[in-house]
Protein chains: 2
Amino acid sequence: MPISQQTQLISHNIVLNRGNVEAKRAEIKAYFNQTFDVYEALFDTLANDEAYYLRPCSLRHPLIFYFGHTATFFTNKLVLAKLLPERIDPKIESMCAVGVDEMSWDDLNDAHYEWPSVQDVRNYRDQVRAAVNDLIDNTEFTMPIDWQSPLWPVMMGIEHERIHLETSSVLIRQLPIESVVSSELFPICPDQDSPAPENDLLSVSAGDVVINNQDPAEYYGWDNEYGQHQAFVQEFKASKYLVSNQEFLAFIDADGYLNDKYWDEEGNRWRDYSPVKHPTFWLQKDGEWYLRCMTEEIAMPSSWPAEVNFHEASAFCRWKAEQTGKPIRLPSEDEWLRLRDFSNAMEYQDNANWNLQKHASSTPVDQCAAGNFYDVLGNVWQWTQTPIYPFDGFKVHPLYDDFTTPTYDNQHNIFKGGSWISTGNEINGHSRYAFRRHFFQHAGFRYIESDASVQTEFSTYETDSSVAQYCEFHFGDEYFNVPNFAKTYANYAIDAIKADADFNQRNDLRVLEVGCSVGRASFELAKYFNEVTGLDFSARFIRIANQLQTTGSILYTIPQEGEIMDFKEQTLRDLDLEKTASKCEFLQQDASNMKPIFTGYDMIVAVNLLDRLYEPKKFLQDVAHRLNNGGLLMVSSPYSWDETFTQKENWLGGYKDSQSGENVTTLETLQNLLADDFEMIREAEDIPFVIRETRRKFQHTLSQVTLWKKR
Amino acid sequence: MPISQQTQLISHNIVLNRGNVEAKRAEIKAYFNQTFDVYEALFDTLANDEAYYLRPCSLRHPLIFYFGHTATFFTNKLVLAKLLPERIDPKIESMCAVGVDEMSWDDLNDAHYEWPSVQDVRNYRDQVRAAVNDLIDNTEFTMPIDWQSPLWPVMMGIEHERIHLETSSVLIRQLPIESVVSSELFPICPDQDSPAPENDLLSVSAGDVVINNQDPAEYYGWDNEYGQHQAFVQEFKASKYLVSNQEFLAFIDADGYLNDKYWDEEGNRWRDYSPVKHPTFWLQKDGEWYLRCMTEEIAMPSSWPAEVNFHEASAFCRWKAEQTGKPIRLPSEDEWLRLRDFSNAMEYQDNANWNLQKHASSTPVDQCAAGNFYDVLGNVWQWTQTPIYPFDGFKVHPLYDDFTTPTYDNQHNIFKGGSWISTGNEINGHSRYAFRRHFFQHAGFRYIESDASVQTEFSTYETDSSVAQYCEFHFGDEYFNVPNFAKTYANYAIDAIKADADFNQRNDLRVLEVGCSVGRASFELAKYFNEVTGLDFSARFIRIANQLQTTGSILYTIPQEGEIMDFKEQTLRDLDLEKTASKCEFLQQDASNMKPIFTGYDMIVAVNLLDRLYEPKKFLQDVAHRLNNGGLLMVSSPYSWDETFTQKENWLGGYKDSQSGENVTTLETLQNLLADDFEMIREAEDIPFVIRETRRKFQHTLSQVTLWKKR
């Protein structure tokens, strides 16, 4: 299906929340076929079939994989969504599904791959195209097209292919020049000689960045684009132009690649590993610099943007800061968004070098203005300092739970703006693509001057399975209609102190929670108490409580079935705990050997603690002097004595006494141990709790609570 | 508190279910004080304080322990029952609580015991006596006095002391003769010379033995006496007299102790261990036999009953059978009870040599008639072949959960009838005392002639914790209002086959349950299906199912808190499964590798099985040909995949497919694997189940059930 004119490459994002069904059906069908066309046209830049089987990079599959991959993706997602009854070509699909990213040496063993022929993949693509066309023609759907719509997986397949249109163009750019041919559909920019402009720093006024993107939205989006985000960005200066090859050359000439002080630790590791001490698409021949474009090698176009990875961009900024004495650095995602707002860049997008609407290459950095700035959108992507992180309210789409979640690891940095070949979702104004910091794309950078600090560590998914289990237990869903346990017992404690004549007139009360785990009850206690100290033996648990207090949110994954995970986010705000959280302090501490400093409390709460201590008696014998006169002690436990945690000789109950031969229950021992210092002031009662292990498997337990008043 | 007249030794059982409170209070008070008096009077037969510290037997504590023990028992139980606020003398109580039975060498290390002085124990006994008197005077109670009554632990202490009155008299009988003195309160029978009568076998007609003893009962009882029991006893002959010393001498003279053929395996082990080849209380001096009584040694009284342990009694019977050519043996408990009924022995009890009402020793075997028989009650206890076992409906009393339960081990045989020093509960007509078969008491035997077989193996408490957990899961209580799971899914299966037009007119249906565990669902299926095959990989589980089918009941213990156990009994009758149980067959079998014979079923049920198989796929691929045409397959699982049971490569779901990269759920794999042979005929649904781990800790799980019809 040849494309004869360049204009046929240009596409437009489909509006999914407005319009009528049949018009939308036709629009999506055209968009789908155009996407398939453009993708196939891109592969026509390979010089011959052999080129499909060359590795563009030692850690990547050959292009034949990517040629088959985008069609396979359609099949896989449509089968998963039960829109296709069965696979189309299981053999090709088994070869072309997995392995998009860098792989380990093991996985790249050629003996493991019997790649299909190019013609076989073309035939397969035709079959998939026919199936998807048939599906678009015949699937019933309603407007808007949202996450639940049967057309969502179709849009997902299309936008997935558009991502690969760009990343494949990068891989093609990495093939030997003999293996590629230029194409009139992908014409290089002819303006290769103009001098680079002198860069400048222009002010960007302070302002708020506000994102609130909900399903159903106007355009197709990946999971990471949804949710709420708000930030105030202080005034800064941003470079008027992207950093040009000429501007970057000064860094090279200053031996910037040879000086470790311009690189951070990870950057230096990459620098040590990489044999090439210049941008990856640069070549030096006879002392002259050349630039490898997608299908051409040209004399270095000084005025085009420098294309580098994050490490190179950051090193340049450190050098530039040293040179200028100014706080030069890469922008954060928020700062970049503020620049886009400030420059009204979206208004200038028809003039941007993106969406294949100008050239199949970069253009000089001074051609596409947006206000006083240039190339805010398009030309090449612009690295930011911000690792990708989820917005509040983030959820995975069930058909693609690993699109973003594996990249919430503080190792994938966001770049913004888009390149000449960015299309579809990539340029809809919401997208947030992130790559490993050493990756190359059609990506460069713009620097800014600002003394504001930038957040570069975000909470990642808690994958420690027991910690994640407790995150869900404290902050997650309720199961079997059993109310949240931590909230319930915190309220029991609050009720108790409110009912106590010694304390109910006071608003300066201090409470100590021993065994606070990930902190939910302590946060609840802070709604009433003036000061809450939460202690836990486990630093892993305390870390979560501290993270919640500091950042307001946690992320974790819990098993659904086997290794299939649910991805969860919890925020203090959603639980109405945000305003009082600052009254809490969380510390790691051994309950059987607590420091003297933890004293002077009006109430002490110890829930699900005793039967996990190695010396529970010591805790109980030691607890009275930590309370103020008349203070309350709340103890709760399921009495699940287990030698894993407590040697049998230290159990408080659940055995026959060696002297009397009589059964000793924990409640009796509690009464004996606490009798001298305390009066038991309520009947013991059981509070149920449920801990999820998988979607179908739970622990369901009763914790017996007793309340004591210091004499 | 001296007792001047023998009549003061005689007591009468207290009727607990009739009478008015104040009269009963006085009666119990008198009974208590009389018990304390008699017990102390018994110890007056010790010649001096030193005698209290001698070991009557190398494996037993000295008498000083027992002197303090019965008072300590009062304290312990009354503290446990919260009737006493605190211990009376913790030091004495710590020495005198534990160690009633034979002990290991380690536990008898003298260095571990600093026994109190006799006077200290006397003082302690006075303190306890005062406390109990005070308690009887002041405790509010109502009639009847039942298990919940505050006077029950008082009665428990009294009857406990009465047991020790007898067992201490045996220990005193084992002390050196120099260490004991005779007492006018405990006069030996003067008739020591009369000749023994010739024994005879008299007929006892067939009849039913019926026991139905419920709380509140007429008299105080130990846990093992309560419940229901019914048996038909066929006609037999019983010896008119207990076996006399003279009759037993013939066995000794025939070298019965030297010939292993008269002894069973355990008996021979005891015989090898024991240096003495005659009854333990016999002595031989200058070729003449003497008998050691409690405080005297006398020339062998030929006409008194021979006192032996179970092994000696059994050996005598084997020898006697050989001599006579008749099926001579010891009676079972039921046969003994039938003899008591037949002889109307309870009508003659005022004439029996028991309750200290005649002598403080045996009497000739031909003095106390009951109908045509003698000594059916009293004189010495009579060994039976029956190991103690619980009646249906057995429950432990919470204040004394180890009175009987440790003896439900087929190693403690019941003896019946009572001895001259048996009082109180021992002679109330309900009691069932059992001792290790090598133990000596004031016990002998009566033999019977019968060709009926005797049950000597009873089900014991299942203590394998996982098996016991499943016994409770299948047959025990419901928790959190979740209906019994095995019954629920069996009913799902029955509903399914009833709704199927191919099967709903038939009454010859065969069902196979794979993974039947301890069998509850198979028993439930037998209510509708004509033939039920239950298979499980675990022989431990299948054993329980078979035991239920054979005996109708199971016993097991499950943890309450720590090592404190609940004792449970379940019967098929209570679950209305008794009548159809014979339609079941239970076999051990590997579901991943089933024998070809298991075929031709109309329905196959596999619940909570798949995720515990090492090759679940093999089971599913193999299952269709085992079903008749149109047959139903019911599969249910929580999909709790775990590498402990199933290697990851064999999981049916819960992973990302290595080829497509997509999540694979177990349900999808089931659909794929079964698609060729089956049609899925119902929507998948979750059935909840709860497994108790302790009184407060449970697993709460959802099992997803799917129903398939063979094409």
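The values are calculated or read from the model by the stated rules, or taken from the named source; none is laboratory data. What you see is a predicted model, and the numbers here were worked out from it, not measured in a lab. All Cβ positions, glycine included, derive from the backbone under ideal geometry; neighbour counts span all protein chains shown.
Things worth noting here:
- For residue A:48: the one exception among (1) within 13 Å of residue A:125 (Cβ to Cβ); (2) out of contact with any Phe, Trp or Tyr (no Cβ under 9 Å at 6 or more places or on another chain); (3) away from chain B (no Cβ under 13 Å); (4) not aliphatic (A, V, I, L, M): (1)
- The strands (runs of 3 or more DSSP E) falling completely within the range A:532-616 that include 1 or more residues that are at pLDDT below 95 map to A:553-561, A:564-571, A:584-588.
- Inside the range A:269-283, residues that are within 11 Å of residue A:308 (Cα to Cα) and β-branched (Val, Ile, Thr) make up a count of 1.
- Residue list for the range B:341-355, filter: surrounded by fewer than 20 Cβ atoms within 10 Å (Cβ to Cβ) and either outside the structural domain of residue B:384 (by TED's automatic domain parsing) or out of contact with any strand residue (DSSP E or B) (no Cβ under 8 Å at 6 or more places or on another chain) (or both): B:346, B:349, B:350
- Residues in the range B:633-668 that are among the acidic types (Asp, Glu) and at the interface with chain A (Cβ under 7 Å from one of its Cβ atoms): B:662 alone.
- You will find that of A:679, A:649, the residue that is acidic (Asp, Glu) and either part of a loop (DSSP other than H, G, I, E, B) or under 27 Å from residue A:600 (Cα atoms) (or both) is A:679 and no other.
- Cβ-Cβ under 6 Å pairs, at least 6 apart or on other chains, the range A:71-86 side at the interface with chain B (Cβ under 10 Å from one of its Cβ atoms), far side assigned to a loop (DSSP other than H, G, I, E, B) and buried (at least 24 other Cβ atoms within 10 Å of the Cβ): A:72/A:96
- When the test is whether a residue is farther than 30 Å from residue A:607 by Cβ and either within 14 Å of chain B (Cβ to nearest Cβ) or touching a strand residue (DSSP E or B) at 6+ places or on another chain (Cβ under 8 Å) (or both), residue A:461 does not pass it.
- Those residues of the range A:544-570 which are more than 14 Å from chain B (Cβ to nearest Cβ) and surrounded by fewer than 18 Cβ atoms within 10 Å (Cβ to Cβ), in sequence order: A:550, A:551, A:552
- Residue within the range B:294-314 that is among the acidic types (Asp, Glu) and in contact with a Pro (Cβ under 8 Å, 6 or more places away or on another chain) present: yes
- Subset of the range A:307-339 that is farther than 21 Å from residue A:456 by Cα and not polar (S, T, N, Q) - its residue that is surrounded by the most Cβ atoms within 10 Å (Cβ to Cβ): A:307
- Test for residue B:358: is it surrounded by fewer than 19 Cβ atoms within 10 Å (Cβ to Cβ), in a loop (DSSP other than H, G, I, E, B) and touching a residue at least 12 places away in the same chain (Cβ under 8 Å): no
- Annotation for the range A:633-642: at least one member residue is at positive phi, touching a Ser or Thr at 6+ places or on another chain (Cβ under 6 Å) and at pLDDT 95 or above.
- The condition of being part of a strand (DSSP E or B), touching a residue at least 40 places away in the same chain (Cβ under 8 Å) and among the charged types (D, E, K, R) does not hold for residue A:686.
- From B:207, B:221, residue being in contact with a helix residue (DSSP H, G or I) (Cβ under 9 Å, 6 or more places away or on another chain), among the small types (Gly, Ala, Ser) and either under 30 Å from residue B:41 (Cα atoms) or modelled with pLDDT under 95 (or both): B:221
- Checking each residue in the range A:268-288 for being surrounded by 14 or more Cβ atoms within 10 Å (Cβ to Cβ), free of Cβ contacts under 8 Å to residues at least 60 places away in the same chain, part of a helix (DSSP H, G or I) and not polar (S, T, N, Q) picks out only A:271.
- Residue match in the range B:389-398 (condition: β-branched (Val, Ile, Thr) and in contact with a helix residue (DSSP H, G or I) (Cβ under 7 Å, 6 or more places away or on another chain)): yes
- Hey, residue B:511 outside the structural domain of residue B:685 (by TED's automatic domain parsing) and either over 30 Å from residue B:565 (Cα atoms) or in a helix (DSSP H, G or I) (or both) or not: no
- Of all residues making up the range A:638-650, the number that are without any contact (Cβ under 8 Å) to a residue 40 or more places away in the chain and either closer than 25 Å to residue A:700 by Cβ or crowded, with 17+ Cβ neighbours inside 10 Å (or both): 6
- Subset tally (residues that are in contact with an Asp or Glu (Cβ under 7 Å, 6 or more places away or on another chain), at pLDDT below 90 and more than 20 Å from residue A:293 (Cβ to Cβ)) for the range A:9-60: 1
- Test: residue in the range A:154-176 that is in contact with a helix residue (DSSP H, G or I) (Cβ under 9 Å, 6 or more places away or on another chain) and surrounded by fewer than 14 Cβ atoms within 10 Å (Cβ to Cβ): yes
- Of all the numbered requirements in (1) modelled with pLDDT of 95 or more; (2) crowded, with 18+ Cβ neighbours inside 10 Å; (3) of a type in the set (Asp, Glu), residue A:662 misses one, and that requirement is (1).
- Residues being of a type in the set (Asp, Glu) and within 18 Å of residue B:425 (Cα to Cα) - total across the range B:335-389: 2
- Which numbered condition residue A:694 misses (of (1) assigned to a loop (DSSP other than H, G, I, E, B); (2) touching a residue at least 12 places away in the same chain (Cβ under 8 Å); (3) within 11 Å of chain B (Cβ to nearest Cβ); (4) surrounded by fewer than 20 Cβ atoms within 10 Å (Cβ to Cβ)): (4)
- Between B:575, B:587, the distinction of being free of Cβ contacts under 8 Å to residues at least 60 places away in the same chain and out of contact with any Lys or Arg (no Cβ under 7 Å at 6 or more places or on another chain) belongs to B:587 only.
- Pair list, Cβ under 7 Å, 6 or more apart: the range A:254-266 residue in the same structural domain as residue A:319 (by TED's automatic domain parsing) and free of Cβ contacts under 8 Å to residues at least 40 places away in the same chain, other residue assigned to a helix (DSSP H, G or I) and surrounded by 15 or more Cβ atoms within 10 Å (Cβ to Cβ): A:260/A:268
- Against the test of being outside any loop (DSSP other than H, G, I, E, B), small (Gly, Ala, Ser) and either at pLDDT below 95 or more than 30 Å from the chain's Cα centre (by Cα) (or both), the options A:490, A:486 yield a single qualifying residue, A:490.
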